[in-house]
Amino acid sequence: MLQLFGYWRSSASYRVRIVMQLKGLDYEHHPVNLRQGEQREKAYSRINPQGLVPFLIDGDVQFGQSVAIMEYLDETYPAYPLMPSAAQARARVRQIVNMIACDTHPLDNLRVLNYLEQELGLGKAQRDTWYRHWIDETFTALEQLLMTTAGVYCVGNEVTLADCMLVPQVYNARRYEMTLDDYPTIARIVANCEQLQAFIKAAPEQQPDAQG
């Protein structure tokens with residue numbers, strides 16, 4: 001059985017869970033509590049020396065990084081394909097994936113926010129301003145792009161890896177009390193995704209390690 005190491009509120013773990021739910025893959029869940037620093041303990045470091053989540057084990061195949069995991073699952077378990085067949089549409093999906101994975105998430109993940117507070121001495125209000133700035137910068141550009149690519153979902157009328165990336169990022173934005181008032185296309189796509197059972201089952205609050 002597939003094994004997934006993750007944290008209930010990690011957006012990177014959330015992305016992978018959506019893919020696994022869409023494909024109907026059973027997996028064993030191994031919680032890694034980021035708030036308690038379990039990712040830095042020796043037991044987890046022996047599994048993933050980088051000390052990040054998610055991390056996937058599929059038999060002899062073991063690796064981390066959410067986008068790599070998502071692409072591996074899509075290529076290895078072809079039921080419910082999450083990349084379009086046309087080259088241009090595939091490029092659009094990759095563009096959206098990278099806007100979130102490369103340009104937004106590295107600036108706003110937990111270890112960066114903790115560093116801003118604990119090492120650089122930023123107050124919570126300043127930290128949250130930092131967070132919202134980078135979300136707004138990406139969402140402003142993404143809204144314009146989606147106006148040209150979206151159907152029911154980010155690229156056309158089928159769920160792709162782009163949607164699996166977008167929903168967790170919006171979840172995080174809402175945690176920081178951001179609204180989608182300026183991003184109606186993003187809001188519409190996310191609302192469509194959130195009606196699907198796979199997205200519902202993958203939601204953070206549905207995970208066995210979820211905390212109040």
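The values are calculated or read from the model by the stated rules, or taken from the named source; none is laboratory data. Since the model is a prediction, treat every value here as computed from it, not as a measurement. All Cβ positions, even for glycine, are placed from backbone atoms using ideal geometry, and neighbour counts span all protein chains on display. Ligands, DNA and RNA are excluded from the accessible area calculation, which covers all protein heavy atoms including side chains. Shrake-Rupley method; radii C 1.70, N 1.55, O 1.52, S 1.80 Å.
Taking 7 Å steps out from each Cα toward its Cβ at Leu107 and Phe63 produces label points 2.8 nm apart.
Applying 0.36 nm per residue to the separation of Thr129 and Ala43 and subtracting their alpha-carbon distance, the gain on full extension is 27.5 nm. Each residue of the stretch 152-164 is assigned a 3J(HN,Hα), and the resulting list reads 5, 10, 4, 10, x, 10, 10, 5, 10, 4, 4, 5, 5 Hz, derived from the Karplus form 6.51 cos²θ - 1.76 cosθ + 1.60 (θ = phi - 60°), x at Gly and Pro.
Taking label positions 7 Å along the Cα-Cβ direction at both Ala79 and Glu119, the computed distance is 4.4 nm, reported to one decimal. Between Thr148 and Arg90, the modelled label-to-label distance comes to 2.1 nm, taking each label 7 Å out from Cα in the direction of the beta carbon. Counting only lysines at least 8 places from Lys23 when in the same chain, those with an alpha carbon closer than 26 Å to its own are Lys201.
Return the loop-located trypsin sites (Lys or Arg not before Pro) in the stretch 37-114 (DSSP other than H, G, I, E, B) with at most 10 other Cβ atoms within 10 Å of their own Cβ; answer none if there are none. Don't jump to the answer; show the numbers that get you there.
Working: sites: Arg40, Lys42, Arg46, Arg90, Arg92, Arg94, Arg111; in loops: Arg46.
Answer by residue number: Arg46.
Shape class for the stretch 1-117, computed from the alpha carbon gyration tensor (a ≥ b ≥ c): oblate, with a/c not under 1.5 and a/b at or below b/c.
Rounded, prolate or oblate: which one fits the chain, using the alpha carbon gyration tensor with axes a ≥ b ≥ c (rounded when a/c is under 1.5, else prolate when a/b beats b/c, else oblate)? Here the chain falls in the oblate category. Probing with 1.4 Å while keeping every protein chain in the model, the per residue accessible area of the chain equals 50 Å². Across the stretch 62-79, computed HN-Hα scalar couplings (Karplus, 6.51 cos²θ - 1.76 cosθ + 1.60, θ = phi - 60°) run 9, 6, x, 6, 4, 5, 4, 5, 4, 5, 4, 4, 5, 7, 8, 10, x, 4 Hz from first to last residue, x flagging Gly and Pro.
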